[in-house]
Structure formats: structure tokens, C-alpha cells
1. Specify which of the listed residues (212, 183, 143, 159) is modelled with pLDDT of 85 or more and exposed (fewer than 14 other Cβ atoms within 10 Å of the Cβ).
2. Give me the residue from the stretch 4-33 that is out of contact with any helix residue (DSSP H, G or I) (no Cβ under 8 Å at 6 or more places or on another chain) and surrounded by 13 or more Cβ atoms within 10 Å (Cβ to Cβ) and, out of that set, nearest to residue 69 (Cα to Cα).
3. Going by the conditions given, is residue 63 in a helix (DSSP H, G or I) and in contact with a helix residue (DSSP H, G or I) (Cβ under 9 Å, 6 or more places away or on another chain)?
4. Only one residue in 55, 74 is over 16 Å from the mean Cα position of the chain (by Cα) and at pLDDT below 95. Which one?
5. Would you tally the residues in the stretch 11-60 being part of a loop (DSSP other than H, G, I, E, B) and farther than 20 Å from residue 136 by Cβ?
6. Quick check on this structure: which one of 84, 64, 40, 16 is touching a residue at least 12 places away in the same chain (Cβ under 8 Å) and over 16 Å from residue 125 (Cα atoms)?
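The values are calculated or read from the model by the stated rules, or taken from the named source; none is laboratory data. Not measured: the values here are computed from a predicted model. Cβ placement follows ideal geometry from the backbone for every residue including glycine, while neighbour counts extend to all protein chains displayed.
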């Protein structure tokens with residue numbers, strides 16, 4: 001499944017039993033993980049039925065024990081393993097996969113590198129749930145990503161301003177996303193389709209207002 005397809009299914013509350021999010025681009029992994037963390041359970045249920053573990057602090061057996069827990073007066077138990085790349089011998093978790101109840105939603109957040117998909121664990125998860133390889137965008141794809149990112153929020157941006165922003169911020173998608181929420185950015189670089197900016201700022205002027213020192 002693609003990044004967009006996974007998020008769409010999450011927003012529809014169609015959750016897979018297990019997610020393994022891995023790869024070199026942390027932005028897409030974080031967005032999927034955060035969406036599951038915020039949407040899989042109601043706020044009241046999270047205190048009882050959601051647990052976040054960190055790879056450096058747990059081993060495979062500890063993860064399995066939490067994953068085999070049943071929800072307390074709720075629909076599901078959510079277990080999110082962040083920094084899963086730090087779990088020793090993570091490939092051994094494949095021995096526990098068949099023991100996890102259907103009421104568990106398990107998420108592995110394995111960032112900054114790829115898990116070996118030739119391992120049995122990868123093959124089983126790919127068959128049972130969602131395996132997502134998060135790849136870094138090429139430099140040439142960053143401007144179009146910026147345009148699409150803003151378009152999703154109802155904003156538009158001139159090609160010149162897009163390229164200037166990409167040149168300044170590089171390929172760090174987290175940094176680009178944060179910059180797009182800043183007041184200076186919204187007021188000078190991009191403008192909503194229906195707002196005062198669309199009537200008082202021309203595209204050429206909007207592009208010239210980019211000032212890297214304020215980002």
C-alpha cells in the first residue's frame with residue numbers, strides 16, 4: 001500500500017492488525033504512526049488500552065507480552081513500538097506473531113534504515129498486515145511535494161517560491177512541513193484560494209517575499 005492509501009484507510013477506521021513502518025524517510029513513518037496513535041482509540045480508552053514502547057528499553061519477549069494483552073472494556077489494544085530499530089534480535093518476533101489476538105493493533109516504527117525484507121518476520125507481516133517502505137524523495141521531487149502538501153490545506157504557491165523554499169530547506173520533509181505552518185510563510189509565500197491574500201498579493205510578489213532568515 002502507498003502512504004496515501006494507508007492514511008486513507010486509517011481515517012476510515014479500517015485498521016490492519018499489524019503495521020511495520022521502515023525506511024530512510026522518517027516523515028511518512030511518523031505521519032502514519034501518529035495517525036494510528038491518535039485515531040485508533042478514543043481519548044478515554046488510550047489510558048487503558050494503548051501503550052507506547054521504545055526499542056532501547058524492551059526486548060522481543062516484552063513486546064510480545066504487551067501485544068498478547070486483551071483490551072480493558074474496549075474494542076482493541078494498541079501497542080506502538082517506537083525506535084524499533086533498537087530492539088535486539090527483532091527478527092525473532094516472528095515466533096510470536098501467531099499468538100497475538102485479533103483485538104491487538106501492533107505498530108513497529110523502524111526508522112532511518114530498512115529492515116531486511118528477506119527475513120521471515122518481514123514476509124509474515126507483509127502477508128498478515130501492512131509493510132511500508134518509506135523512501136526519501138529525490139531532490140527534483142521536493143518542489144512538487146511542497147505544492148501538493150499546501151494544496152491539501154487549500155493553499156497555492158508560485159513555482160518560484162516553491163523552488164526557493166526547496167533550495168533553502170533541502171529534503172527534510174519535517175522541516176518543510178513545520179515551515180508551512182509559520183505565520184510569515186502563510187502570509188507571504190502561500191495564500192488560500194479564498195482569502196484576502198488572493199486579492200491583494202499577486203504570484204510574482206508572493207514569490208519575492210521569501211526570506212530564509214525567518215524560517
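1. 159
2. Looking at the filtered set, the residue picked out is 33.
3. Answer is yes for this residue.
4. That would be 74, the only listed residue that is over 16 Å from the mean Cα position of the chain (by Cα) and at pLDDT below 95.
5. The qualifying residues number 11.
6. 40
Let's see how each residue does on (1) touching a strand residue (DSSP E or B) at 6+ places or on another chain (Cβ under 9 Å); (2) not in a strand (DSSP E or B); (3) not assigned by TED's automatic domain parsing to the domain that holds residue 8:
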{"site": "80", "(1), (2), (3)": "yes, no, no"}
{"site": "93", "(1), (2), (3)": "yes, yes, no"}
{"site": "96", "(1), (2), (3)": "no, yes, no"}
{"site": "147", "(1), (2), (3)": "yes, yes, yes"}
